[in-house]
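Participant: Take this structure first; my questions come after.
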Amino acid sequence: MFKVIQRSVGPASLSLLTFKVYASQKKDSPHKTSVRVNELSLYSVPEGQSKYVEEPRTQLEESISHFRQYCKPYTSWCQEIYSQTEPKMQSLVQWGLDSYEYLQNAPPGFFPRLGVIGFAGIVGLLLARGSKIKKLVYPPGFMGLAASLYYPQQAIIFVQVSGEKLYDWGLRGYIVIEDLWKENFQKPGNVKNSPGNK
């Protein structure tokens, strides 16, 4: 074991010594001349001036160019529609993923409540025979009634928000009808109490 330690300590101790090395110039070497870039064959510049000549376009290139110009408005329209619908589609996909995650980890009693709400919709369909308006009103109404029994706070919030939206839509409709009435039925010659007829 002593021999192994002795051999390994010896080269390690040499690394601790410092000494300087000086390089000397060779006096025998002849003085070399430097080569310029244009003398190298790789970088040789052709003599004379080159001129760019455009090749004539073929029939195929012309038809492709006309086709691209013809399709340009449609492609820009498609890109605009895609840029408008992409965020909506991403939010829809995210909503689907969130719904799937919620259904995988549903709270206790969720699926029986969902069954009762769905059954109320089927009862609404059965009671709405004969009239298309009843078919549009009864199933959502019965489902909403069943859902409001299980989720009263959310039902109150839904009624408040939908009431505000219905009021806004009614107000907008009233304004549009009033504008149409003024434009079509109250022309300046038809008004009895106009300032010029006193």
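Participant: Restricting attention to region 140-165, which residues are under 20 Å from Phe111 (Cβ atoms) and outside any loop (DSSP other than H, G, I, E, B)? Before the answer, list the steps.
Facilitator: Our first condition is that a residue be under 20 Å from Phe111 (Cβ atoms); within region 140-165, this holds for 142-152, 154-155.
Matches in region 140-165: Phe142, Met143, Gly144, Leu145, Ala146, Ala147, Ser148, Leu149, Tyr150, Pro152, Gln154, Ala155.
Participant: Sticking with this one: Would you be able to tell me the number of residues in region 93-128 that are closer than 20 Å to Pro152 by Cα and open to solvent by less than 40 Å² (accessible area, probe 1.4 Å)?
Facilitator: 7
Participant: Would you please list the contacts, defined by Cβ atoms under 8 Å and residues six or more apart or on different chains, that run from a residue in region 52-77 that is among the hydroxyl-bearing types (Ser, Thr, Tyr) to a residue that is surrounded by 10 or more Cβ atoms within 10 Å (Cβ to Cβ)?
Facilitator: From region 52-77, the pairs are Ser65/Arg57.
Participant: Can you tell me which residue in region 138-191 is nearest to Gly124 (Cα to Cα), limited to those that are within 36 Å of the chain's Cα centre (by Cα) and β-branched (Val, Ile, Thr)?
Facilitator: In this case the residue turns out to be Val159.
Participant: To continue, here is another question. Scan region 129-148 for residues that are of a type in the set (Lys, Arg) and surrounded by 10 or more Cβ atoms within 10 Å (Cβ to Cβ) and jot them down. Give the steps one after another, and end with the answer.
Facilitator: First, the residues of region 129-148 that are of a type in the set (Lys, Arg): 129, 132, 134-135.
Within region 129-148, Lys134, Lys135 qualify.
The values are calculated or read from the model by the stated rules, or taken from the named source; none is laboratory data. Predicted model, so just to flag it, every value in this text is computed and none were measured. Note that we place each Cβ from the backbone using ideal geometry, even for glycine, and neighbour counts take in every protein chain shown. With ligands, DNA and RNA removed, areas are computed over all heavy atoms of the protein, side chains included. Shrake-Rupley method; radii C 1.70, N 1.55, O 1.52, S 1.80 Å.
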